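The values are calculated or read from the model by the stated rules, or taken from the named source; none is laboratory data. The model shown is predicted, which means the values in this text are computed figures rather than measured ones. Glycine gets a Cβ as well: all are built from the backbone with ideal geometry, and neighbour counts include every protein chain shown. Calculation scope for accessible area: heavy atoms of the full protein, side chains included, ligands and nucleic acids excluded. Shrake-Rupley method; radii C 1.70, N 1.55, O 1.52, S 1.80 Å.
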Amino acid sequence: MGFRQGLLPFTYSGVPIFKRKLKKVHLQGIIDKILTKLASWKGAMLSIMGRVQLVPLVIQGMMVYCFQIYKCPTALLNSLDKNIKNFIWSSYHSQRKLAIVPWDMVCSLWRNGGLNIKSLKSINKSSILKLA
């Protein structure tokens, strides 16, 4: 049939597949892609709402496949949430700016006064619950 026997680890749809416990090092490629995207967007030319629209559509979309397979480490999710928060408020992912509104409020629904951004922790948790 022309098939070859494969070896672990390998990458499928951008997500590394392996046998061990997931560590931040295993997802470093995805993290680097996300940080590159955040750095490449000229945040100064985008309004806050433009940056808010990019985050769920692009950044959180990049993590969906990974979330459906693995429970990501909390430190990784906190780090990515921090970079996203910095990008929204200051237009640069590495530059910190004092936020006027708490992140929990930003992550709430429109009707509750938030920006309808979902926290990466909650997305990961709901994706993992699908496997139960």
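Structural remarks
- Applying both filters, DSSP loop and at most 16 other Cβ atoms within 10 Å, to the trypsin sites (Lys or Arg not before Pro) of the range 1-77 gives Arg4, Lys19, Arg20, Lys21, Lys23, Lys42, Lys71.
- Taking the accessible area of the chain, probe 1.4 Å, and keeping the other protein chains in place, the carbon and sulfur fraction comes to 60%.
- 27 Å Cα-Cα reach of Lys71 towards lysines, excluding residues that sit fewer than 8 places from it in its own chain: Lys19, Lys21, Lys23, Lys24, Lys33, Lys37, Lys82, Lys85, Lys118, Lys121, Lys125, Lys130
- Fully extended contour minus Cα-Cα distance, from Met49 to Val25, at 0.36 nm per residue: 5.4 nm
- Remark: the range 5-126 carries 63 Å² of accessible area per residue (probe radius 1.4 Å; ligands, DNA and RNA excluded).
- Relative packing of 54-62, 5-13, 95-103, which averages over residues the other C-beta atoms within 10 Å, highest first: 54-62, 95-103, 5-13
- Surrounding net charge for Lys85, when Lys and Arg each add one and Asp and Glu each subtract one, Cβ distance under 14 Å: +4
- Surface/4 estimate of mean projected area, convex hull on alpha-carbon atoms of the chain, nm²: 10.5 nm²
- Each of Gln53, Ser79, Leu22 was scored by the projection of its Cα onto the charge dipole of the chain, and the greatest displacement toward the positive side belongs to Leu22; charges sit on the C-beta of Lys, Arg, Asp and Glu.
- Spacing of the two label points (7 Å from each Cα toward its C-beta) at Ser126 and Phe18, in nm: 2.9 nm
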